[in-house]
Amino acid sequence: MKFDLETVLFFSLAVMAIGSAIMMITRKSPITSALYLILNFFTVSGLYLLLKAQFIAIIQVLVYMGAIMVLFLFVIMLLNLQDEKILKEKFTYRKITAVLLSIFLFCLLSFTIYFGFSGKFTAMSDKAVEIGTAEFLGSELFTNFSFPFELASFLLLAAIVGAVVLAKKKFE
Amino acid sequence: MSTESLIVFFIAGVVMVGGGIIVSELVAPTSKNAVKDETYECGIPTKGESWVQFKVGYYLFAILFLIFDVETIFMVPWAVVMGELGLVAFIEILIFLIIVSLGLLYAWQKGALKWD
């Protein structure tokens, strides 16, 4: 393995991403968890940059770190978690399911990592830089993928209608 | 501008902001005591919890903002390739905008934009 700038950046970002993810799920206060999630999103955006996906990286910062985290914070404040003890759970079926699902995810990830390191998917395409730009994305999105693009607008419409319906009690 | 220079730009930003905070922490004179850490409330001793349930209106405004944020992001690649693709891209974005605007009209109609 080469020891260049990209390798150093990748490993420091990866360690930060894992560290912030662990901090996020172990914090007691939901607000602190949310702040660690922001750090996690930031490191993931750095990883996107290393993969030459500039447009996605900037969107990760703008939408996830900005807008979606604001939404998360409002949800936490809406929930009215006065007593943090409520969050403590006993050993239930839900926990057993969670453990089983985690093992499944772990297996899935280890398979991916194993095949990644066995030399099958290591090379990055020469066109990677070109593909990552907004220009390439636009020309693909508005020609080959115009139908999924229009479907995205229905998804956004459904999100607005869903939020208004859920909050409607307030207005009646 | 290459990706590496963007990464260097990010790191320089972090170092400038973080360095400023660290240096001011090192240089500034400090005196710490328990009274300073208390929540300030007009000089009166505080009562009760600071956790209050927020109005659902905040959430509605946040999700409306998010949706139009995503809409704007879809418009960035559109704006870049508009010159090449011409009328087709224009009609596509028009359909997109009309569908998303229906959502805004719905929220408006239901009174979600009112703050009472």
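The residue that is nearest to residue A:31 (Cα to Cα), counting only those in region A:50-61 that are modelled with pLDDT under 90 and facing chain B (nearest Cβ under 7 Å), is A:54. Counting only helices (runs of 4 or more DSSP H) wholly contained in region B:1-100, the ones carrying 1 or more residues that are surrounded by 13 or more Cβ atoms within 10 Å (Cβ to Cβ) occupy B:3-27, B:56-85. None of A:44, A:61 is without any contact (Cβ under 8 Å) to a residue 40 or more places away in the chain, open to solvent by less than 50 Å² (accessible area, probe 1.4 Å) and under 26 Å from residue A:118 (Cα atoms) except A:44.
Yes/no per residue for (1) among the hydrophobic types (A, V, I, L, M, F, W, C); (2) within 11 Å of another protein chain (Cβ to nearest Cβ):
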residue: B:9; (1), (2): yes, yes
residue: B:15; (1), (2): yes, no
residue: B:53; (1), (2): no, yes
residue: B:59; (1), (2): no, yes
residue: B:69; (1), (2): no, yes
residue: B:78; (1), (2): yes, yes
residue: B:81; (1), (2): yes, yes
residue: B:108; (1), (2): yes, yes
residue: B:111; (1), (2): no, yes
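Mind checking which residues of region A:139-172 are at pLDDT below 85 and open to solvent by 90 Å² or more (accessible area, probe 1.4 Å)? Residues satisfying the conditions are A:166, A:169, A:170, A:172.
Quick check on residue B:103: is it closer than 20 Å to residue A:71 by Cα, open to solvent by less than 40 Å² (accessible area, probe 1.4 Å) and part of a helix (DSSP H, G or I)? Taking the combined requirement at face value, the residue satisfies it.
Cβ-Cβ contacts under 8 Å between residues 6 or more apart (or on different chains), taken from a first residue in region A:112-129 that is among the aliphatic types (A, V, I, L, M) to a second residue that is modelled with pLDDT under 75 and not in a loop (DSSP other than H, G, I, E, B), are listed as A:129/B:3.
Let's see how each residue does on (1) modelled with pLDDT under 85; (2) farther than 26 Å from residue A:74 by Cα; (3) in contact with a Leu (Cβ under 8 Å, 6 or more places away or on another chain):
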{"residue": "B:23", "(1), (2), (3)": "no, yes, no"}
{"residue": "B:39", "(1), (2), (3)": "yes, no, no"}
{"residue": "B:46", "(1), (2), (3)": "yes, no, no"}
{"residue": "B:58", "(1), (2), (3)": "yes, no, yes"}
{"residue": "B:73", "(1), (2), (3)": "no, no, yes"}
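The values are calculated or read from the model by the stated rules, or taken from the named source; none is laboratory data. Just so it is clear, the structure is predicted and the values come from calculations on it, not from any experiment. Virtual Cβ from ideal backbone geometry, glycine too; neighbours counted across all protein chains shown. Calculation scope for accessible area: heavy atoms of the full protein, side chains included, ligands and nucleic acids excluded. Shrake-Rupley method; radii C 1.70, N 1.55, O 1.52, S 1.80 Å.
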